[in-house]
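Visitor: Below is one structure. I have some questions about it.
Nothing in this text is a laboratory measurement; each read-out follows from the coordinates by a stated rule. Only a predicted model underlies this, so the values are computations on that prediction, with no experimental measurement involved. Positions of Cβ are generated from backbone atoms using ideal geometry, with glycine treated the same way; all protein chains shown enter the neighbour counts.
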Amino acid sequence: MTKNLLYYGDNLDVLREYIKDETIDLVYLDPPFKSNRDYNLISPEQTGSRSAARIKAFKDTWRWDRAAEAAHQEVVESGPGRVSQVMQGFRTFLGESDIMAYLAMMAPRLIELLRVLKSSGSIYLHCDPTASHYLKMLMDAVFGPQRFLNEIVWCYRQGGRSNRFFGRKHDTILWYSKGDKWVFNPDADSVRIKYHGTGGYQTSGKGVTHRRSGKTYRPDARGKVAEDWWDIPALPPMSKQRLGYPTQKPEALIERIIEAGSNEGDTILDPFCGCGTTIAVAQKLNRLWVGIDNTHLAVALMKHRLKDTFGENASYKVIGEPVSLSDAEGLAEKDKHQFRWWALGLVGASPVEQKKETDKGIDGRLYFNDEGKGGKTKQVIFSVKAGQTGAGDIRKLRNVIEREKAEIGVYICLQKPIQSKTTEAINAGFYKSPLRKEPFPRLQVLTIKDLLGGKQIDCPAYGQAKVTPLKTIGAGCNGYGRIRKLSLHSEVI
């Protein structure tokens, strides 16, 4: 049975309920940090459901509300002594501010991550200068200041330009061990930096000569071990790695961390998994992995990425997704956005940008090319409905198909429309593809029960048509907030 696990849910709940003590060799986490630059560090008190909803949607914006108050109180009253003390100190200094809400979210999760790490394990916490100084103090409290190993500076050239201050061109990665022994592999390929003959040196047949001193050095052919500042380019806009996820990190960065801090067969945990770079790199480097995220959008993207990159070689279990109609109904009742993302993920469709296209009757798109090289890119558009389906809904999608000049439209619904309401779908006609003689229905209606039963849309086969990767666009793509749990089920991929 596979040991690779992909969880949908709040990572605090998953850690507490499903990850056993001392089972993880390395943790990498890139949690949301207060990266927007226009907030007041000490802000007026903000309470109420509006703030909680923002955290849930996750826009890298944190507000002090009842959930933050409860999290802080729990850590102060039940957490380890040093953590309780530092959180009380933060509260005195920061008050009921945005950054205090963020630290109240992070503290219990770091406590759990300490618990699940093996005695020889270590943790790499990725943050930016907005919150790194507070997080370092919190990490000292959780792991102990003696367990601090490195403050790694990741330098990049993209973004961060300003005429008001020096360009902000780096993130910080805090490396702590759990015990007095830890894994470090200085001879791993990604940890060694090759000499390129720049700076104050010039090369010769005998070695490397410093221009001022005249001394000759013989550099190690393997390259030198990386220092605590890493010049690794961020992903450019047109990178083949880019999946549309707003905070996606380059694989080279994660490769260095995983190769340096673990061995083949070790288990890697990423509790803020996002688009799945950590688990994809762990899979490539022959490590076991556990990934957690609280949006179905991210989970769908990770499943697509693993399938696209590794095919059948990526064996894993998904835990927390709906596997029955009643599960789907529960999700739709709790969160319609999550239901929409999950439903689109069942067919591999890309969700659209919420503010721009959902009002136009489009919830998702899928592109294909059934004409071969140089042929026209064509599209399937999707509309997803959690409530009662009426004839007007089907008619609306038919009109959208005409307006968008789409080849196929698919209506996904929880409840099957009565026969008289599917007339609009029949009257929409057919799309004739060069791939087969029989035409494809131009408007199709699929229920969640159909999809859970294995039925798929009737369109040019994915093996023959070129399908674009899932893109994560819109609010909630990057986020981690507190959400109500689904009962956890699993499906084996």
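Visitor: Net charge near residue 29, counting Lys/Arg +1 and Asp/Glu -1 over other residues with Cβ under 9 Å of its Cβ?
Guide: Summing Lys/Arg as +1 and Asp/Glu as -1 gives -1.
Visitor: How would 133, 72 line up from fewest to most surrounding beta-carbon atoms within 10 angstrom?
Guide: Fewest-to-most ranking of 133, 72: 133, 72.
Visitor: Quote the charge dipole size of region 321-410 about the Cα centre in Debye, to the nearest 20; the model charges only the Cβ of Lys and Arg (+1) and of Asp and Glu (-1).
Guide: Roughly 420 debye for region 321-410.
Visitor: Follow-up question, since we're still on this one. So for 106, 137, 238, fewest C-beta neighbours within 10 Å to most, what's the order?
Guide: 238, 137, 106
Visitor: Once you list every other residue whose beta carbon is under 13 Å from the beta carbon of residue 192, what net charge do they have if Lys and Arg are +1 and Asp and Glu are -1?
Guide: Cβ neighbours under 13 Å give a net charge of -2.
Visitor: Any idea how far apart residue 185 and residue 22 come out in nm if each label point goes 7 Å out from Cα toward Cβ?
Guide: Going by the 7 Å Cα→Cβ label model, 2.3 nm.
Visitor: Once fully extended, how much extra length lies between residue 336 and residue 416, figured as 0.36 nm per residue of separation less the alpha-carbon to alpha-carbon distance?
Guide: Full extension from residue 336 to residue 416 adds 27.0 nm.
Visitor: Quick one: 239, 262, fewest Cβ neighbours within 10 Å first, how do they rank?
Guide: By the 10 Å Cβ count, ascending, the order reads 239, 262.
Visitor: Also: Using 0.36 nm times the number of residues separating residue 137 and residue 151, minus their current alpha carbon distance, what extension gain do you get?
Guide: Gain on stretching residue 137 to residue 151: 3.8 nm.
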